[in-house]
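Sharing a structure below in structure tokens format, with a few things to ask.
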Amino acid sequence: MQQLDWSNLPFGYMKTKYNIRCTYKDGKWGELEASDSEYIPLHISSTALHYGQQAFEGMKAYKGKDNKVRLFRWEENAKRFQNSAEGILMEKVPKELFLQAIVKAVKMNAEFVPPHGTGASLYIRPLLFGSSAEMGVKAAKEYTFIVFVMPVGPYFKEGFNPTKIAIVRDSDRAAPLGTGTLKVGGNYAASLRGTVKVQKAGYSSPMYLDCVERKYIDEIGAANFFGIKNNTYITPKSPSILGSITNKSIITLAEDLGIKTERRPILVEELSTFEEVGACGTAAVISPIGEVNDLEKGKVYKFCRDGKAGPISKKLYETLVGIQYGDIEDKHGWVTIID
Ligand SMILES: *Cc1c(COP(=O)(O)O)cnc(C)c1O
């Protein structure tokens, strides 16, 4: 294997040795199989290709000082994967099968788990899609479940330095009774116009607003939003955002640290009252935000004027990452060690 520069890895695709596959056919899941190919034979009329019957997950494996590899709250990902499948009428992957596939994918690619202290981790991408042929609009009869992995560095090139984002008002990533709460590719297809638009304008991610009135903050690209003021961690409550497991964990950690928490609608204008704001997710971890530009309204909200993350974001980041890498006691039983 070529020598990897662990401390300078981008967040991007990289081929690793094996991926794990399993198919649902004739009413049951088959055996897990390891493949060294990056390609899949796919029917030209599969429902995944035509009707977007596809869902995915994103999680990470972390190497501790003890060289043991850890998963973080895998059961939450398994649950959400089932919820996404149910939401677009796909066959659900049983929790045990989900865990087995992940453990196998991590173990068979053990040399790609970044060493402790490099800030990198092994990104795990479980994928599920309808793979049988249909032409009329219907759910598939066969499903393919794949898990592949790759070592990654920070999602935003700024790492834990403040990133800049911009509000999108001329497209929505989700609809009120649509699939915003599911982790499905269709939401990302809908978000591409906004994402590319803000990236061309020099911002790292789009901020989407509620899709009814476009008054409240929904979420940021592939991450949830939070704001902090008066020792309170505030994150949006909305029927069209993806429930982030990272966000849910930060809420618990904030409460442990004596920080108040609120989940409620957040008006865009409330941005001017926050002391710290950030994005959170498996990929983003906790990424401080230095600027939110409301391009169409010509209004700019600035944070981190000294160029650094705020003290509460920093404390939450250190606590979360400390638990994930095994440096801080796992009081909530979130970590699973892969033996
Ligand atoms: C995956 C994802 C997140 C982050 O969720 P985590 O469970 O924290 O990784 C947030 N928003 C969207 C749209 C996502 O797809």
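The values are calculated or read from the model by the stated rules, or taken from the named source; none is laboratory data. All of these numbers come straight from a predicted model, not from anything done at the bench. For neighbour counting, all protein chains shown are included, and Cβ atoms are generated from backbone atoms with ideal geometry for every residue, glycine included.
Which residue pairs have Cβ atoms closer than 6 Å, lie 6 or more positions apart in sequence or on different chains, and pair a first residue in region 60-89 that is within 15 Å of VAL103 (Cα to Cα) with a second residue that is among the polar types (S, T, N, Q) and in a helix (DSSP H, G or I)?
Qualifying pairs under 6 Å: TYR62/GLN324; PHE72/GLN324.
Let me ask another. Within region 189-207, which residues are among the polar types (S, T, N, Q), surrounded by 15 or more Cβ atoms within 10 Å (Cβ to Cβ) and without any contact (Cβ under 8 Å) to a residue 60 or more places away in the chain?
SER191, THR195, SER204
Just one of the numbered conditions (1) within 16 Å of the ligand (Cβ to nearest atom); (2) surrounded by fewer than 20 Cβ atoms within 10 Å (Cβ to Cβ) is not true of VAL300; which one?
Evaluating VAL300 over (1) within 16 Å of the ligand (Cβ to nearest atom); (2) surrounded by fewer than 20 Cβ atoms within 10 Å (Cβ to Cβ) leaves (1) as the failure.
Outside any strand (DSSP E or B), within 12 Å of the ligand (Cβ to nearest atom) and out of contact with any Cys (no Cβ under 7 Å at 6 or more places or on another chain): does that describe TYR188?
Yes.
Check region 149-161 and report whether any residue there is at pLDDT 95 or above, part of a loop (DSSP other than H, G, I, E, B) and surrounded by fewer than 21 Cβ atoms within 10 Å (Cβ to Cβ).
Within region 149-161, the first condition is being at pLDDT 95 or above, and the residues that meet it are 149-152.
Keeping just the survivors that are part of a loop (DSSP other than H, G, I, E, B) gives none.
No, because not a single residue in region 149-161 is at pLDDT 95 or above, part of a loop (DSSP other than H, G, I, E, B) and surrounded by fewer than 21 Cβ atoms within 10 Å (Cβ to Cβ).
Of the residues ALA283, ALA279, which single one is touching a residue at least 60 places away in the same chain (Cβ under 8 Å) and touching a Phe, Trp or Tyr at 6+ places or on another chain (Cβ under 6 Å)?
Result of the check over ALA283, ALA279: ALA283.
Considering only region 270-318, give the strands (runs of 3 or more DSSP E) lying wholly within it that have at least 1 residues that are farther than 21 Å from TYR216 by Cα.
By residue number, 285-294.
Keeping to region 1-60, report how many residues are of a type in the set (Val, Ile, Thr) and in contact with a Gly (Cβ under 6 Å, 6 or more places away or on another chain).
Qualifying residue count, region 1-60: 2.
Just checking, how many residues over region 1-33 are over 28 Å from ALA139 (Cβ atoms) and of a type in the set (A, V, I, L, M, F, W, C)?
Pass one, region 1-33, residues over 28 Å from ALA139 (Cβ atoms): 1-18.
In the following step, the residues that additionally are of a type in the set (A, V, I, L, M, F, W, C) were identified as 1, 4, 6, 9, 11, 14.
Here the count works out to 6.
Let me ask something else about it. Are there any pairs with C-beta distances below 6 angstrom linking a residue in region 208-225 that is over 21 Å from GLU57 (Cα atoms) to a residue that is in a strand (DSSP E or B) and within 13 Å of the ligand (Cβ to nearest atom), with the two at least 6 apart or on different chains, and if so which?
If the second residue must be in a strand (DSSP E or B) and within 13 Å of the ligand (Cβ to nearest atom), the pairs left are LEU209/ASP218; ASP210/ASP218; ILE217/PHE225.
Find the residue count for region 167-188, including only residues that are crowded, with 17+ Cβ neighbours inside 10 Å and either closer than 30 Å to THR118 by Cα or among the polar types (S, T, N, Q) (or both).
Summing the residues that are crowded, with 17+ Cβ neighbours inside 10 Å and either closer than 30 Å to THR118 by Cα or among the polar types (S, T, N, Q) (or both) in region 167-188 gives 4.
Can you tell me which of (1) surrounded by 15 or more Cβ atoms within 10 Å (Cβ to Cβ); (2) on the phi > 0 side of the Ramachandran plot is the one GLY333 doesn't meet?
The single condition GLY333 does not satisfy is (1).
Taking region 254-284, which residues are surrounded by 22 or more Cβ atoms within 10 Å (Cβ to Cβ) and either at pLDDT 95 or above or within 24 Å of LYS215 (Cα to Cα) (or both)? Walk me through how you get there before you give the answer.
At the first step, the residues of region 254-284 found to be surrounded by 22 or more Cβ atoms within 10 Å (Cβ to Cβ) are 254, 266, 271, 277-280, 282, 284.
Within region 254-284, ALA254, ILE266, LEU271, VAL277, GLY278, ALA279, CYS280, THR282 qualify.
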